2 protein chains.
Amino acid sequence: MNEFALIDLIKAECALQRADVRIGNGDDAAAVAIPDGHELLVCTDTLVAGRHFPMDTRPEDIGWKSLAVNLSDLAAMGATPAFALLALCLPSADSDWVRAFARGFADLARLHDVALIGGDTSRGPLTITVTALGFAPHGRALKRSGARPGDTIVVCGDIGLAAAGLHHLTTMPERSRDGLDDSKSSMQRWLDALNRPTPQIEQGLLLRHYATSAIDISDGLAADLGHVLRQSGVGADIQLPSIPGFEALSQSFGADLAIRWVLCGGDDYVLLATLSPDRFDEARAAFQRSGVMLTPIGNVTAAPGLRVHDIRGSALALDKAGWDHFA
Amino acid sequence: MNEFALIDLIKAECALQRADVRIGNGDDAAAVAIPDGHELLVCTDTLVAGRHFPMDTRPEDIGWKSLAVNLSDLAAMGATPAFALLALCLPSADSDWVRAFARGFADLARLHDVALIGGDTSRGPLTITVTALGFAPHGRALKRSGARPGDTIVVCGDIGLAAAGLHHLTTMPERSRDGLDDSKSSMQRWLDALNRPTPQIEQGLLLRHYATSAIDISDGLAADLGHVLRQSGVGADIQLPSIPGFEALSQSFGADLAIRWVLCGGDDYVLLATLSPDRFDEARAAFQRSGVMLTPIGNVTAAPGLRVHDIRGSALALDKAGWDHFA
């Protein structure tokens with residue numbers, strides 16, 4: 001199977017019509033229209049086999065996740081996704097693998113009306129680079145840099161689940177990975193968090209009306225909140241027991257692992273935002289009407305640095321080394 | 001050196017201001033404005049070490065080429081480039097390598113006022129995926145699908161030089177790769193064609209006024225002209241001796257290698273286009289005024305297929321296998 005046959009296979013799985021795609025997949029570049037009064041939002045992220053996902057991850061899940069991590073970045077900007085490009089580096093031209101990969105990618109793309117408008121296939125070590133494009137009204141995209149002292153810090157979902165899922169995969173016996181029964185539903189939930197993260201597009205669009213800053217938690221809550229704090233020139237206090245997911249993980253795995261996973265686990269793809277406390281009740285009501293979570297976990301301070309308080313209110317000593325990475 | 005330090009280093013080398021970049025590098029996604037009355041053109045291409053360039057290629061050249069192959073795709077659409085994203089997969093966090101790579105990338109980016117607005121760095125086998133974005137007036141982008149019987153087929157530069165450069169690298173003694181003296185200036189030209197291809201942006205903008213179809217020659221003249229013919233539902237006759245570069249390569253390397261390189265060598269990044277013969281003189285005059293090449297090499301036919309005629313006018317039997325690839 002040659003490059004062009006692989007591309008045809010991917011195009012067939014990912015077929016989706018949008019009126020604003022003027023020239024789609026199959027020319028030197030794609031041409032798309034951007035709605036009047038809107039800016040283009042664009043980001044790119046690479047997944048490397050064995051680094052960003054275990055080598056034996058199902059191709060459907062790799063396809064889903066490669067798009068999800070990029071849509072999550074658009075969500076953090078308050079953007080509406082529209083288009084994607086896929087650069088796929090494959091060790092062999094395995095049509096079954098590619099079809100399953102494309103199906104996972106397409107399942108998520110269809111949920112958000114995202115058209116695959118271009119890409120590239122190469123032979124090489126398995127890596128997937130997706131570029132995602134979307135829109136936001138001029139000047140309305142959410143930035144990392146707008147947090148102000150006094151703002152409430154919120155997250156839009158459970159944190160640490162993907163890290164628990166990865167722990168589960170690397171520590172449980174091979175045979176029990178499949179056919180998890182009902183009593184193992186939380187295991188399945190952790191694995192889903194790892195393999196099928198849900199980009200919080202709707203939450204990002206809601207946050208655009210309320211938030212002073214936003215980011216998606218991909219490197220870990222501490223690292224990503226750290227970006228917001230540095231880029232906003234502020235600090236923060238957060239309450240560990242307020243972080244959704246922390247209590248359940250503590251009960252299942254003990255506090256040490258739970259602390260590490262909620263603060264430094266990463267791969268959450270949950271939005272973190274700051275907003276004025278005056279707007280919090282209104283924002284929470286809007287989130288409740290949409291049936292999505294908005295949980296306060298702390299406050300922005302003028303004093304720089306991030307202070308994490310445990311259940312007794314005392315500050316944890318954070319292992320700075322855990323925040324930096326090259327992954 | 002961690003991911004964030006590497007990113008800072010790349011950003012410093014590639015610093016370039018554009019007023020239409022509303023949110024640049026350093027947030028979850030970039031935000032850019034698209035000019036009124038224009039479409040966005042976007043493409044992505046990956047270079048894999050050892051496949052798309054020799055492992056010992058200088059990092060400056062890899063940086064240049066990774067952007068060049070993408071700007072060449074925009075050129076083939078008649079687009080004005082504006083922005084790029086860089087997804088860089090590196091085996092190690094080698095700051096000297098990254099600085100040199102970024103310098104090569106930035107050298108070309110500055111020539112075309114292209115702002116680096118985002119990206120990603122990962123640890124993994126050396127692969128570089130660039131996404132390039134540009135503009136064209138609504139409905140004016142050049143497509144592969146517009147060629148009509150009777151059209152003249154033109155190319156905008158010499159073909160086969162990069163293949164000669166690669167041959168030179170793989171067959172010449174190691175010691176003579178450096179310090180090529182003046183008598184070896186054509187060798188240097190072949191190596192430059194391989195390592196520092198020049199995206200034909202100006203030629204693409206000129207072709208927008210004349211061409212019925214266009215493509216950039218990246219996979220080889222026969223394969224890329226083949227895309228135009230299939231997507232336009234037509235065929236073609238081309239004259240081998242008319243292809244710029246063929247005579248010189250024949251003299252240096254013999255006809256067999258020269259034929260293979262001009263038809264199937266690839267890595268040329270020269271534009272190929274079709275235009276009505278009525279418009280040819282006007283187009284050639286416009287190209288001459290701009291000091292760039294426009295050379296007729298054949299004609300579009302209603303009969304499907306590609307027929308390549310040699311110096312005596314007889315058709316060559318083309319090795320179909322040489323056209324397909326997965327690279």
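The values are calculated or read from the model by the stated rules, or taken from the named source; none is laboratory data. Quantities reported herein were computed from a predicted structural model and do not represent experimental measurements. Glycine gets a Cβ as well: all are built from the backbone with ideal geometry, and neighbour counts include every protein chain shown.
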Seminar exercise, completed: Of the residues in segment B:26-49, those that are out of contact with any strand residue (DSSP E or B) (no Cβ under 7 Å at 6 or more places or on another chain) and free of Cβ contacts under 8 Å to residues at least 12 places away in the same chain come to B:27, B:36
Problem set entry | Looking only at segment A:123-139, and only at residues there that are modelled with pLDDT of 95 or more and not aliphatic (A, V, I, L, M), the one that is surrounded by the fewest Cβ atoms within 10 Å (Cβ to Cβ) | A:139
For this session: Mind listing whichever residues of segment A:43-58 are facing chain B (nearest Cβ under 8 Å) and charged (D, E, K, R)?
Result: A:45, A:51
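Name the one entry in B:56, B:61, B:36 that is out of contact with any His (no Cβ under 7 Å at 6 or more places or on another chain), acidic (Asp, Glu) and in a helix (DSSP H, G or I). If you could, list the steps in order and put the result at the bottom.
Working: B:56 fails: in a helix (DSSP H, G or I); B:36 fails: in a helix (DSSP H, G or I).
It is B:61.
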Exercise. Quick check: is even one residue across segment A:8-27 in a helix (DSSP H, G or I), within 14 Å of chain B (Cβ to nearest Cβ), among the aliphatic types (A, V, I, L, M) and more than 25 Å from the chain's Cα centre (by Cα)?
Worked result: yes
For this session: Please find, among B:96, B:120, B:107, the residue that is closer than 20 Å to residue B:26 by Cβ and either surrounded by fewer than 24 Cβ atoms within 10 Å (Cβ to Cβ) or without any contact (Cβ under 8 Å) to a residue 24 or more places away in the chain (or both).
Result: B:120
Problem set entry | Matching residues in segment A:217-228 - criterion: being over 13 Å from residue A:163 (Cβ atoms) and either of a type in the set (D, E, K, R) or buried (at least 23 other Cβ atoms within 10 Å of the Cβ) (or both) | A:224, A:225, A:228
Problem set entry | Members of segment B:247-272 found to be surrounded by fewer than 18 Cβ atoms within 10 Å (Cβ to Cβ) and not in a helix (DSSP H, G or I), listed by number | B:254
For this session: Might you let me know whether segment A:81-94 holds any residue that is within 21 Å of residue A:270 (Cα to Cα) and of a type in the set (Gly, Ala, Ser)?
Result: yes
Problem set entry | Failed item, numbered, when residue A:198 is tested on (1) more than 19 Å from residue A:111 (Cβ to Cβ); (2) in a loop (DSSP other than H, G, I, E, B); (3) among the polar types (S, T, N, Q) | (1)
Exercise. Would a scan of segment B:178-197 turn up a residue that is modelled with pLDDT of 95 or more and within 14 Å of chain A (Cβ to nearest Cβ)?
Worked result: no
For this session: Could you please tell me which pairs satisfy a Cβ distance under 6 Å, a separation of 6+ or placement on different chains, a first residue in segment B:123-138 that is closer than 30 Å to residue B:209 by Cα and within 9 Å of chain A (Cβ to nearest Cβ), and a second residue that is surrounded by fewer than 24 Cβ atoms within 10 Å (Cβ to Cβ) and hydroxyl-bearing (Ser, Thr, Tyr)?
Result: B:134/B:80
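Within segment B:209-246, count every residue that is assigned to a loop (DSSP other than H, G, I, E, B) and under 19 Å from residue B:281 (Cα atoms). Write out each step before concluding.
Our first condition is that a residue be assigned to a loop (DSSP other than H, G, I, E, B); within segment B:209-246, this holds for B:209-210, B:218-220, B:233-234, B:243-245.
Filter again for under 19 Å from residue B:281 (Cα atoms), leaving B:209-210, B:243-244.
Qualifying residue count, segment B:209-246: 4.
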Exercise. Taking the stated definitions as given, is residue B:292 within 21 Å of residue B:72 (Cβ to Cβ) and either part of a helix (DSSP H, G or I) or out of contact with any Leu (no Cβ under 6 Å at 6 or more places or on another chain) (or both)?
Worked result: yes
Exercise. Taking segment A:42-53 as the region of interest, how many residues are assigned to a loop (DSSP other than H, G, I, E, B) and either charged (D, E, K, R) or surrounded by fewer than 19 Cβ atoms within 10 Å (Cβ to Cβ) (or both)?
Worked result: 2
For this session: Would you confirm whether any residue within segment B:63-85 is more than 12 Å from every other protein chain (Cβ to nearest Cβ) and of a type in the set (Asp, Glu)?
Result: no
Seminar exercise, completed: When restricted to A:123, A:148, the only residue within 30 Å of residue A:102 (Cβ to Cβ), of a type in the set (Lys, Arg) and over 20 Å from the mean Cα position of the chain (by Cα) is A:123
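Here is a check on your reading of the model: is residue A:62 closer than 25 Å to residue B:121 by Cβ, crowded, with 20+ Cβ neighbours inside 10 Å and within 24 Å of the chain's Cα centre (by Cα)? Before the answer, list the steps.
Details: closer than 25 Å to residue B:121 by Cβ: yes; crowded, with 20+ Cβ neighbours inside 10 Å: yes; within 24 Å of the chain's Cα centre (by Cα): yes.
It is true that residue A:62 is closer than 25 Å to residue B:121 by Cβ, crowded, with 20+ Cβ neighbours inside 10 Å and within 24 Å of the chain's Cα centre (by Cα).
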Exercise. Could we say that residue B:100 is assigned to a helix (DSSP H, G or I) and more than 29 Å from residue B:245 (Cα to Cα) here?
Worked result: yes
For this session: Check A:8, A:28, A:73 and return the single one that is over 22 Å from residue A:193 (Cβ atoms) and at pLDDT 95 or above.
Result: A:28
